[in-house]
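Note sheet for the following structure.
What follows is calculated from the coordinates using simple rules that are stated; it is not laboratory data. Fair warning: this is a prediction, and the values are worked out from it, not measured in the lab. With ideal geometry, Cβ positions are generated from the backbone for all residues, glycine too; neighbour counts draw on all protein chains shown.
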Amino acid sequence: MSGMRTLLTSGAAVAIVGLGFGMWSAMSPGDEQRQEMLKNLPESNPVRMEETRQRNALVLQVLKEAAETNDNVARSFPSKSK
């Protein structure tokens, strides 16, 4: 009886996982839809990409400066939690 219950439980678990995978693969976009989505991403616009690169460079510069100093940067700003 216990072996049959284990077998049925395992079969149900495999069936649920298989159903989930089947639904996921049926809903995933095709190759044409995927290419269309990639065209519409902000990274495909060269102007937007350059702005993002500049912003990332500034953030990395600030992080580098903060890492090189011994001051606690977080405590240098006035706290609003009083």
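Which value in deg cm²/dmol, rounded to the nearest 500, describes the helix-derived mean residue ellipticity at 222 nm for the chain, given -39,500 (n - 2.57) per DSSP H run of n ≥ 4 and division by the residue count? That comes out to -24000 deg cm²/dmol.
For the chain, the dipole from Cβ point charges (+1 on Lys and Arg, -1 on Asp and Glu) about the Cα centre works out to 460 debye, to the nearest 20.
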